[in-house]
Amino acid sequence: MNSGEKKADWFKKGATLSDKSARKDLGITQEEIYKTINDGKLHYHISNVYGNLYFKLLRSEVEAFVTEKYGKDYVEKKKIEKEVTQINKELKKLKTQIAAFKQRRVKLLERLNTIIEKNE
């Protein structure tokens with residue numbers, strides 16, 4: 001990959017992740033990130049949000065490092081676990097919404113029956 005392609009990667013959607021996301025999503029430690037940066041295997045930019053500094057890393061490099069260290073199935077396993085967690089979270093949210101809709105429906109039907117009985 002030439003330097004022009006490397007620079008373009010920094011601006012593609014989903015091509016980067018923060019050091020915090022790398023720790024959370026891929027299960028690596030901050031020390032591993034520092035060591036890999038020092039070894040020259042990870043490129044980074046320092047960014048900040050509301051005055052809090054963080055490393056912005058290239059996802060492809062982080063995934064390559066994790067694959068090298070933990071094996072080829074590790075990254076896929078972590079991605080699947082993350083997606084399952086997100087689906088479970090969404091299902092829980094939907095169950096809450098369904099319960100609220102059912103409750104609202106019961107109240108509306110009661111109100112409708114009251115109006116119908118009143119007009120008969």
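The values are calculated or read from the model by the stated rules, or taken from the named source; none is laboratory data. Everything numeric here is computed off the predicted structure, so don't read it as measured data. Every residue, glycine among them, receives a Cβ derived from its backbone with ideal geometry; neighbour counts consider all protein chains shown.
Overview of results
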{"read-out": "Residue satisfying all of: in the stretch 33-51; surrounded by 11 or more Cβ atoms within 10 Å (Cβ to Cβ) and of a type in the set (D, E, K, R); nearest to Asp9 (Cα to Cα) among these", "value": "Lys41"}
{"read-out": "Sole residue being in contact with a Gly (Cβ under 7 Å, 6 or more places away or on another chain) and modelled with pLDDT under 95, chosen from Lys78, Lys69, Lys82, Lys118", "value": "Lys78"}
